[in-house]
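Undergrad: Can you keep this structure in mind? I'll have questions shortly.
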Amino acid sequence: MSGQVLAFEALSTGCEPHVGTVLVVEDDDVHGEEIAEALSAAGVSSIVVSGFEDAVELLQLSNEFTAVVTDFYLQGFGNGRGNGLDLIDSIGRKFPGRDLKCIIMSGDPDVAADCALFGPVSFVPKPVHPERLIASLANGSEKTPENETIARLERTVRHQNTVIARLSERLLELSVTA
């Protein structure tokens, strides 16, 4: 593997329902270690990698992962272009049959809106509070202000899509009668 990989095994079984091994993608070694320690304290095994290539390689080698937790801003991804959502999209295309929970972490509040538009991705703000991360892993989504914002944005986008579809139909009708 090209990047540094740190493995942390669970010491207890405090997370219900059971969460399997979590793949953490974090290019900041200190943040990655903090997240792994928080997961370990909750009884969750994790492996931390620093980049895209290592994440994909581990997912190819093992089916033990049940979740991917990634930083939004990743250095060195795609020659400096791309982010955690691009990583999740790539993982989805490379491993279409895998059922992985996907969580994006970021200190940028605008990223929550990006997650809402992307699809079934949870958002956990940085600095990461361990209880938020664990709840998102265990439940798939936690009722936080960020995730409520995501849900509200999803509803707005669905409504706007309906309005656009109706307007398109009306324009088509008008163009046919003209």
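The values are calculated or read from the model by the stated rules, or taken from the named source; none is laboratory data. Given the structure is predicted, the values throughout are model-derived calculations rather than measurements. Every residue, glycine among them, receives a Cβ derived from its backbone with ideal geometry; neighbour counts consider all protein chains shown.
Undergrad: Looking at region 129-178 only, could you name the residues that are over 23 Å from Thr66 (Cβ atoms), outside any helix (DSSP H, G or I) and at pLDDT 85 or above?
TA: none
Undergrad: Looking at region 157-168, I want the residues that are on the phi < 0 side of the Ramachandran plot and touching a residue at least 24 places away in the same chain (Cβ under 8 Å) and have a partner that is surrounded by 10 or more Cβ atoms within 10 Å (Cβ to Cβ) and in a helix (DSSP H, G or I) with Cβ atoms under 8 Å, at least 6 apart or on another chain. Which pairs are those?
TA: Val157/Ala116; Val157/Leu117
Residue-wise test of (1) among the charged types (D, E, K, R); (2) modelled with pLDDT of 90 or more; (3) not in a helix (DSSP H, G or I).
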position: Val30; (1), (2), (3): no, yes, no
position: Glu33; (1), (2), (3): yes, yes, no
position: Gly78; (1), (2), (3): no, no, yes
position: Asp89; (1), (2), (3): yes, no, no
position: Arg93; (1), (2), (3): yes, no, no
position: Gly97; (1), (2), (3): no, no, yes
position: Cys102; (1), (2), (3): no, yes, yes
position: Pro120; (1), (2), (3): no, no, yes
